[in-house]
Amino acid sequence: MRTAPRNGIGIRTAQARDDRELGQIHVYDGAGKGKSQAALGVVLRSIGLGIHSDWQTRVLLLRFLKGPDRPYDEDAAIAALQRGFPHLIDQVRTGRSEYFGPEGVTKFDRLEAQRGWDVAKGAIASGLYSVVVLDEINPVLDLGLLDLDEVISTLKNKPSELEIIATGRSAPTALLDIADLHSEMRPRELDPNLNLEGIEGIEIYTGAGKGKSTSALGKALQAIGRGIGRDSSHRVLIAQWLKGGSGYTEDAAIAALQQSYPSLVDHLRFGRDAIVWRGQQQELDYIEAERGWELARAAIASGLYKTIVLDELNPTVDLELLDGEAIARDLLRKPKDTEIIITGRCLNPPAYFNLASVYSEMICHKHYAEKGMDLKRGVDF
């Protein structure tokens, strides 16, 4: 007979939820990876909702400090979005392509930051967008390239239904004060004594903060973008545990991917349509978890996929529905050019965490749901 500790965690379905209408201000900051990816995941979710509805779901991606002369990780993801949904997404890039600190600020940097902010102000006032992403505005403000008081005033007086997403390191306190959601991406150190030479391409996003599955969706977009024009060369698999029902937060986003890139995106889902709590597992939970890993293991070994998202694998292992040691052994045998993205919160980090080349913990400092605010269709689910 299987036994398990009493305390536990679970995955909540988005079905039958009330839907908020008010837009919120999101801030993703911190030194860990996943900030811009999380913003792209929200964008994809919003676009997915608008495909078969009359909702206004047009999105502006305004990218500060990311001049056109240098490639960035999210470029391919944005290319995939623009090719799949050209009528729903606009992109503006400002700044130069070199890194610089406070001592290296030039007049050009200030002019480019102001150009970007002028675009942002117009977009916020226009009523044309449901989501405005201010990518890397946090370091712009930290460097003093814009008037902080003006930015704060504009954001505080935004249209009530507009969602604002601000990303980047070093978010100023004044911005955090007006944020409705603040999620910090914090990098975690791995055991330096482990000899994992040759193991790369495993990313883990965990923690109680918002941004885990959305970061994974951003990575899936990147893979699709790299594969545009090369048919099946960059196929993506999204495998989800503990999500056997419908109405989950990623449904609209995955549907959007599959509609535009049906030959590049496969989706598998495992589990019951119910929250699984530690100490209350049913036999079907073990069967579904193991069925999922058998399929995921075969997909990893096949080499057919360039990116495999293992969504909510962490709590599945934490609930003792799967063996983390066995998963670690399987991951050690993955093809070198296959990227594995693993998500979900957990109380006890499993053994495969030590294999990660990227390990970001999402720390929840503030969330509008904690104030009794309903979640918003197209942003939260």
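The values are calculated or read from the model by the stated rules, or taken from the named source; none is laboratory data. Since the structure is predicted, the reported quantities are computational estimates derived from the model, not experimental observations. Note: ideal-geometry Cβ built from the backbone for every residue, glycine included; neighbour counts use all protein chains shown. Heavy atoms of the whole protein, side chains included, go into the accessibility calculation; ligands, DNA and RNA do not. Shrake-Rupley method; radii C 1.70, N 1.55, O 1.52, S 1.80 Å.
Structural descriptor for segment 36-162: relative contact order 31 percent, calculated from alpha carbon pairs under 8 angstrom and at least 6 residues apart.
A straight chain from Arg83 to Ser246 at 0.36 nm per residue would run longer than the Cα-Cα distance by 55.9 nm. Note on segment 37-160: Cα Rg divided by 2.2 N^0.38 Å, N the number of residues, gives 1.09. Listed by chain and number, the lysines whose C-alpha is less than 24 Å from the C-alpha of Lys35, apart from same-chain residues fewer than 8 away, are Lys66, Lys121, Lys156, Lys158, Lys210, Lys212, Lys219, Lys306, Lys366, Lys371, Lys376. Rounded to the nearest 10 square angstrom, Thr154 shows an accessible area of 30 square angstrom against a 1.4 Å probe. Compared with the direct C-alpha span, the chain from Ile178 to Arg333 gains 51.2 nm at full extension, assuming 0.36 nm per residue. Note on segment 68-202: with charges restricted to the Cβ of Lys and Arg (+1) and Asp and Glu (-1), its dipole about the Cα centre is near 440 debye.
Note on Lys156 and His365: the model spin-label points, each 7 Å out from Cα along the C-beta direction, lie 1.8 nm apart.
Taken over segment 244-342, the alpha-carbon convex hull comes to 97 cubic angstrom per residue.
Near Gly104: Cβ cut-off under 11 Å, other residues only, Lys/Arg at +1 and Asp/Glu at -1. The net charge is -2.
Taking a Cβ cut-off of under 9 Å around Glu203, the surrounding Lys, Arg, Asp and Glu residues balance to a net charge of +1, with basic ones at +1 and acidic ones at -1.
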